[in-house]
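S.K.: Structure in structure tokens, see below.
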Amino acid sequence: HPVNPVKKIRQDNRIKQDNSCVNPWFQHKKNANSYTINLLETAKQHQAEWIYPFILIALETGMRRSEILSIKITNIDLEHRSIFLPEAKAGARTQPITKNLCEFLSEHLKTIEAEQEWLFPSSKSASGHLHWPRRAFRQVV
């Protein structure tokens with residue numbers, strides 16, 4: 001009899017029992033290396049308010065820079081712990097987010113004006129969102 005190849009597949013240890021994806025590089029602050037903790041603390045203290053949320057999203061999800069900067073607030077689903085990316089590099093997808101990031105975004109969204117469309121808005125950009133302010137990022141990193 002032929003062997004079922006699915007039986008040879010092992011569960012990925014990076015996936016929790018509740019099916020939420022976990023970035024293997026950053027699961028929780030207490031497990032992160034000192035560089036990551038220092039990076040987050042530096043970002044929190046930086047004058048550019050957007051840098052901490054940007055870095056936290058990057059560390060917690062592994063999303064690309066362009067994907068993070070073009071997040072629409074309406075595409076953040078806290079109930080299902082996900083962010084919908086309609087124009088991701090490899091095509092539209094739903095990005096799972098960690099409990100930690102979900103809790104942060106829940107509080108962060110309370111500070112944003114009701115009519116704001118983008119998580120990282122820019123009045124200077126034709127698209128309406130930040131593209132890549134290198135200076136602030138380099139100061140933190």
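The values are calculated or read from the model by the stated rules, or taken from the named source; none is laboratory data. Please read all numbers here as calculations on a predicted model, not as lab measurements. FYI the Cβ positions are ideal-geometry reconstructions off the backbone, even for glycines, and counts take in every protein chain you see. Ligands, DNA and RNA are stripped out before the accessible areas are found, and what is left, the full protein with its side chains, is counted by its heavy atoms. Shrake-Rupley method; radii C 1.70, N 1.55, O 1.52, S 1.80 Å.
S.K.: Under 14 Å between alpha carbons, and skipping anything fewer than 8 positions from K89 in its own chain: which aspartates and glutamates qualify?
M.R.: By straight Cα distance, K89 reaches E67.
S.K.: Do any trypsin sites (Lys or Arg not before Pro) in region 46-141 lie in a loop, going by DSSP, with at most 16 other beta-carbon atoms within 10 Å of their beta carbon, and if so which? It would help to have the intermediate numbers written out before the result.
M.R.: Numbers: sites: R64, R65, K72, R81, K89, R93, K99, K110, K124, R134, R135, R138; in loops: R64, R81, K89, K110, K124.
Answer by residue number: R64, K89, K110, K124.
S.K.: Arrange the residues I57, I73 by how much accessible surface each exposes, largest first, with a 1.4 angstrom probe.
M.R.: Working: I57 0, I73 35 Å².
Highest to lowest solvent-accessible surface, that is I73, I57.
S.K.: HN-Hα J couplings of region 90-95 from phi, Karplus 6.51/-1.76/1.60, θ = phi - 60°, integer Hz, Gly and Pro as x?
M.R.: So the Karplus estimates, Gly and Pro as x, are 8, x, 4, 7, 9, 9 Hz.
S.K.: Between Q45 and E103, 0.36 nm times their residue separation minus their Cα-Cα distance comes to what? Could the numbers behind the result be given before it?
M.R.: On the way: separation 58, 0.36 × 58 = 20.88 nm, distance 1.96 nm.
Full extension of this stretch gives 18.9 nm more.
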